[in-house]
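Here's the structure we're looking at; comments come further down.
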Amino acid sequence: MTPFEIGLAALAVMVVLVYVGMYVPLALMVVSYCAVWVMKGSPILAGKLLALAASETISSYFFGVVPLFVLMGYIVSVTGMGRDAFDVANQIFRRFRGGLGIGTVGANAIFAAITGISIASAAVFTRIAVPEMVRHGYTKRFSVGVVAGSSVLGMLIPPSLLLILYGLLTEQSVGDLFIAGVIPGLLLALIFGIGVFAMARFWPGFIGENLSDSDEPLLDSGELFRKGFPIAALIFLVLGGIYAGWFTPIEAGAVGCLGAILIGLLRRSLTWKDFWSVLTDTGLVTASVCFLIIAAQMYSRMLALSGAPAEFGTFVATADIGFWGVVLAYVALVIVMGTILDSSSIMLILVPLMLPVIQPMNIDLIWFGIVTVLAVEIGLLTPPFGISVFVIKSALSDDTISLGDIFAGAAPFALMMLLVLSLVLLFPPLATLPLGY
């Protein structure tokens, strides 16, 4: 077999292993090792090549951004800032029809700007927002659907763990990716809010017939300041510092962690027990992400040795499907893979395969990253595998809400995400304009 044929066989075997339930990073590692072994004829050489890929990945300075933002996200979660964000957003939108739903979207947007983890948003707001919305007359299906839909804002509004992963895979500036994600992220939140208002007006059977949003007591100015100022200060500290050039994204993660810890101590909402739990959870998530990135680098090296990306690029070039043909085929493939894989795995598998294809076409990799994250996010809401949906189901205390209810409730938000993805595809400046080109 030629290296190219071995590479294709390795891809096919990997897909089979994933379908039968093998952990994706483990499947990537095993297949990559075996493929390099067959290509080079030496298990020792294959092991050394893959060990080199692993050590180069973890020793990268930029990898430090992962545990820092994960730690900040968990601290923010345990100190009660999620509930405060919900209270502030609900106060702002309470007079609109569907105000609690719009408030949930707004709270998720605020929470996303200081966490970057959609799973954290899904877990927090399932416990906070769903009971409140059901109590005020919203249907259970819509209540869980709006939480599922708006939780994906955490992967687009910076800081975003998925943008960090894309930056590591493509060697692009994480700071530039953060800046590029601002307008699409805010646009997605705006369209979600408009969509909730429109559903409340024209589709009351789905959202709830007898809503009582305005029955909530008003927060006085002192209470509003007490709840809103710490969140605003932390967002300004982290994102303002990055955009103003005061510190790098990695330094911003460290400053944000310190800021979140200080806020938690000043509010007396961060105990030693909570802090130990946060450190443990951060270690688990960081180890998982570390394992994913190592597996992705091994997979990328194996693909490069096989020549599969180069052959694939030649095929695309000779097929003459053009720029839009390549981009639309890629987006469709990402969305389809979202039905069976989690977001990180989709990115780990497809980005290294597509990178050699799109680079000769002079496609802006920052814009391409935003397109990729938007397409991947849709997969978080699509059956049979939608990780945000499963997180919400596990966090629910109401057993009468099924997975089918959550998927059905999230479906309108997946369609809204397709609309935003189409806008970013048609108008690239939505992502690139803040970067000055």
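The values are calculated or read from the model by the stated rules, or taken from the named source; none is laboratory data. Please read all numbers here as calculations on a predicted model, not as lab measurements. Positions of Cβ are generated from backbone atoms using ideal geometry, with glycine treated the same way; all protein chains shown enter the neighbour counts. SASA here: full protein model, heavy atoms, side chains in, ligands and nucleic acids out. Shrake-Rupley method; radii C 1.70, N 1.55, O 1.52, S 1.80 Å.
For this structure, a couple of remarks:
- Partner lysines for K140 [C-alpha distance under 30 Å; skip if fewer than 8 residues away on the same chain]: K227, K393
- Sequence ranges 179-192, 8-21, ranked by mean other-Cβ count within 10 angstrom, highest first: 179-192, 8-21
- Region 401-428 versus region 77-143: alpha-carbon centroid distance in Å: 18 Å
- Relative to the dominant Cα principal axis of the chain, helix 99-112 is inclined by about 50°.
- Between S422 and R127, residue separation times 0.36 nm minus the direct Cα-Cα distance comes to 103.0 nm.
- Environment charge at I194 (Cβ cut-off 14 Å; Lys +1, Arg +1, Asp -1, Glu -1): +2
- In the chain, helical runs assigned H by DSSP with n ≥ 4 each contribute -39500 (n - 2.57); averaged across all residues and rounded to the nearest 500, the mean residue ellipticity at 222 nm is -24500 deg cm²/dmol.
- Remark: spin-label model distance T400-F323 equals 5.4 nm, labels positioned 7 Å along the Cα→Cβ axis.
- Size of region 63-170 from its Cα atoms: along the principal axes, largest to smallest, the extents are 45, 26, 20 Å.
- Between 0 and 90°, nearest 10: helix 140-151 axis offset from the chain longest Cα axis: 60 degrees
- Principal-axis tilt of helix 249-266 within the chain, Cα atoms, nearest 10 degrees: 30 degrees
- Protection proxy ranking of 268-276, 354-362, by the mean of other Cβ atoms within 10 Å over each peptide's residues and highest first, is 354-362, 268-276.
- Per residue, in Å², the accessible surface of the chain once ligands and nucleic acids are set aside, probe 1.4 Å: 41 Å²
- Straight-line reach from K40: taking Cα to Cα under 29 Å and skipping same-chain neighbours fewer than 8 places apart, the lysines in range are K48.
- Percent of alpha-carbon pairs separated by more than 20 Å within region 111-252: 57 percent
- Extension gain, A244 back to E56 (0.36 nm per residue minus Cα-Cα distance, nm): 64.6 nm
- Treating r as the C-beta distance of R95 and L45 and R0 as 51 Å, the FRET efficiency rounds to 0.15.
- Calculated FRET efficiency for the pair V336/L26, C-beta based, R₀ 30 Å, to 0.05: 0.85
- For the chain, the fraction of 1.4 Å probe accessible surface lying on carbon and sulfur atoms is 70 percent.
- Net length gained if the chain between R267 and E209 were fully extended (0.36 nm per residue, minus Cα distance): 17.0 nm
- Packing, taken as the mean count of other beta carbons within 10 Å per residue, orders the peptides 148-158, 196-206, 321-331, 168-178 from highest to lowest as 148-158, 168-178, 196-206, 321-331.
- Net charge dipole, region 128-244: roughly 200 debye, given to the nearest 20, about the Cα centre with Cβ charges of +1 for Lys and Arg and -1 for Asp and Glu.
- Here is the tail figure for the chain: Cα pairs spaced more than 29 Å apart come to 47 percent of all pairs.
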